[in-house]
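Have a look at the structure below, then the notes.
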Amino acid sequence: MNVEAMPTKIRDSVSYTDVLFAILAGVTGVAGSYAVAGYTRRFVVAPIDALVVRLTPGSIVAFVIQNVGEQGHLLHIALSFAIAVGVLAGTALVGILAARRSGRPAASVLVAAALAWGVTTAITGEPTLALGASGPVAVFTAVGTAPFSSLEHDQSRRSALVSGAGALTFVGISIGLGRLVTTGDPAGDEREATDEEVSTLMQEAESKSLDIEGDIPGLVSTFDEFYNVDIAEFDPDLSAEGWSLTVTGEVGTDVTVTFDELTDMPTERRFVTLRCVGEGLNGHKLDNAVWTGTPIKPLLEEADPEGKCGCAMLRAEDDYFVQFPIEALEDGFLAWGMNGQALPQSHGHPVRVLIPGHWGETNVKWLDEIELLDEEMDGYWEQRGWHGTGPVNTVAKLWSESMLGNGNIEVAGHAYAGTRGVDVVEVSVDGGDTWQDAELSEPLPGEDVWRQWRFEFEPQGSQEVVVRAIDGTGTVQAKERSESFPSGATGWVSKTVNMMDASSS
Ligand SMILES: Nc1nc2c(c(=O)[nH]1)N[C@H]1C(S)=C(S)[C@@H](COP(=O)(O)O)O[C@H]1N2
Ligand SMILES: [Mo]
């Protein structure tokens, strides 16, 4: 063996320390991007996450939703972070190896920094903010290229430790900075409604809300309470000024409206309840708000739909899309206000659709296009196996159990049946043998609004409480149990209630 050739060979190949420094560069590069962009769509991980979401096969998404549930979205975020770290680490590794081969560390560090900047700019479209990622990549590439050919083992170990500590500190500081930079969603604010008509409706909802001991929403969910379902981790951040909606496809004429034109149309305030097809039988993805907006119908009439399927595809800024019959769309509402505030970012700012009585997924947020079709096509969730564009299932939730001062137990919740409306909620305290009517909140105006129910009974040890709603057509909520996938949970909510449990809740 040629002993002289050995060191060169070793130095040419990738060593563990090279990989270590490349990873430190990748991690700090991602942290640097976060520090300047915050948790927004300009953060290097965001577009990667959008791509991951778009490319993940439907069967995997369906599997994760069923088996991992709520936490499932952490999987695609973790994967997106790993990809971002890997990409930036790759640019550092190029620099480290180039320095070794060329013997010109300064130029090689520049190459790595330029690559990191270029890649980040390509991903985010933000050349200035991309410097946040390329800076730390340059630093850790420089550290990685410098010592290792010459240093003793101990020194190199110490250097690696110091670099690791430095990287950790940088990540810590970046997390702090990124939090500051992240633009707050106005949904955090519980300000008073400024619109008088809305205030009146909110007062009506408050006065009709039942006096329930347990801590559950009233007849209007607050911004904090209102659930959220998004396909993307990073919500679109759109301005009202730049927004427009186009009605296109199989139409007589394309129609485009700007935000100003839309809000000049006849304005209405409506209670509309939303429910996600993916929620569990007694889940909490069911909420109600007062929405400010205008009916869709005049825009559709102006466009004059001609397609053969009588169906439309709605598309949004986050690449969400959903297809359903024009018949349902015609009853729809374009909302730009929620509980008297501008529509919050997380609920579709500046404009979303509300389709009365249909599952949540038809209520497209960040709407930008309505395309009339000739043929039916699957939407985002339908491609992933769901059947969630039709009317909602009837449900009575059992959201609270409390022990009252008089020794009785109070059970309460909300009931919803879409446009069929809720007529009666029945409660059984003997596992379904006998039924009694619950107290119901007075109906709110509107064709698609939930009601609250409440029932009080004298406890007799451990009892199985069952609830079911009867809708406006006289149909009893389906008894047979099924999972939410693919077309919404069915069955009656039942809970074993005993005095001990109730007093602690
Ligand atoms: N653009 C867009 N619209 C969307 C979604 C989405 O991910 N992107 N999610 C849908 C689903 S599945 C539901 S249940 C409702 C939830 O609305 P919310 O987040 O305002 O509660 O929005 C629907 N509209
Ligand atoms: Mo949903």
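The values are calculated or read from the model by the stated rules, or taken from the named source; none is laboratory data. Just so you know, these numbers come straight off a predicted model, no measurement behind them. Every residue, glycine among them, receives a Cβ derived from its backbone with ideal geometry; neighbour counts consider all protein chains shown. Protein only, heavy atoms only, side chains kept; ligands, DNA and RNA dropped before computing areas. Shrake-Rupley method; radii C 1.70, N 1.55, O 1.52, S 1.80 Å.
Once backbone amide H atoms are built at 1.01 Å from N, I296 has G332, F333, L334 as its partners under 5 Å, excluding neighbours fewer than 5 places away on the same chain. Amide H contacts of V493: A396, V467, each under 5 Å away and 5 or more positions distant or on a separate chain (H built 1.01 Å from N in the peptide plane; Pro and chain starts excluded). Around Y380, with a cut-off of 11 angstrom between Cβ atoms, what is the net charge of the other residues, counting Lys and Arg +1 and Asp and Glu -1? Once all neighbours under 11 Å are counted, the net charge is -2. Taking every Cα-Cα distance in region 240-387 and sorting them into 10 Å bins from zero, the calculated P(r) comes out as 12, 44, 36, 9, 0 percent. The angle separating the long axis of helix 58-67 from the principal Cα axis of greatest extent in the chain is about 70 degrees. Left without a cysteine partner by the 4.7 Å Cβ rule in the chain: C276.
Projecting the Cα atoms of G431, A289, L74 onto the charge dipole of the chain (Cβ charges, centred on the Cα centre) puts L74 farthest toward the positive pole. Straight-line reach from K285: taking Cα to Cα under 17 Å and skipping same-chain neighbours fewer than 8 places apart, the lysines in range are K365, K397. When the charge dipole of the chain is built from unit charges on Cβ atoms (+1 for Lys and Arg, -1 for Asp and Glu) and taken about the Cα centre, the candidate among V53, H387, V277 whose Cα reaches farthest toward its positive end is V53. Using heavy atoms of the protein chains and a probe of 1.4 Å, the accessible area assigned to H387 is about 120 Å².
Of the beta bridges in the chain, as assigned by DSSP with both residues counted there, near 95 percent are antiparallel.
Panel note: the C-alpha atoms of region 338-478, placed on their principal axes, show extents of 59, 34, 27 Å (largest first).
With the convex hull drawn around the C-alpha atoms of region 56-171, the volume per residue stands at 147 Å³.
Ranking L314, L93 from most to least accessible surface, computed with a 1.4 Å probe over the protein chains only, gives L93, L314. Around P391, with a cut-off of 13 angstrom between Cβ atoms, what is the net charge of the other residues, counting Lys and Arg +1 and Asp and Glu -1? Surrounding charge for P391 is -4. Centre-to-centre, using Cα atoms only, region 257-280 and region 194-254 are separated by 7 Å.
Computed on the Cα trace of region 54-120, the radius of gyration divided by the Kirkwood hydrodynamic radius gives Rg/Rh = 1.28. If only the Cβ of Lys and Arg carry +1 and only the Cβ of Asp and Glu carry -1, the dipole of region 242-374 around its Cα centre is close to 720 debye.
Quick one: net charge around S163, please, counting Lys, Arg +1 and Asp, Glu -1 for every other residue with C-beta under 14 Å from its C-beta. Surrounding charge for S163 is +1. Residues whose amide H comes within less than 5 Å of that of C311, counting only those at least five positions distant or on another chain, are I326, L373 (H built at 1.01 Å from N in the peptide plane). The C-alpha atoms of the chain define a longest principal axis, and helix 105-124 lies at about 20 degrees to it.
About the centre of its Cα atoms, region 23-127 shows a dipole size close to 400 debye [charges on the beta carbon of Lys, Arg (+1) and Asp, Glu (-1) only; nearest 20 debye].
About the centre of its Cα atoms, the chain shows a dipole size close to 3380 debye [charges on the beta carbon of Lys, Arg (+1) and Asp, Glu (-1) only; nearest 20 debye]. Separation of region 282-309 and region 82-155, taken as the distance between their Cα centroids, equals 50 angstrom. Against the main long axis of the alpha-carbon atoms of the chain, helix 153-181 sits at an angle near 40°. Per-residue ellipticity at 222 nm from helix content only, as computed over the chain with -39500 (n - 2.57) for each DSSP H run of at least four residues, stands at -11500 deg cm²/dmol. Can you give the log10 of the normalised intensity I(q)/I(0) at q = 0.05, 0.08, 0.11 Å⁻¹, computed with Debye over equal Cα scatterers of the chain? Reported log10 I(q)/I(0), two decimals: -0.28, -0.64, -0.98. The Cα center of region 30-53 and the Cα center of region 364-424 differ in position by 32 Å.
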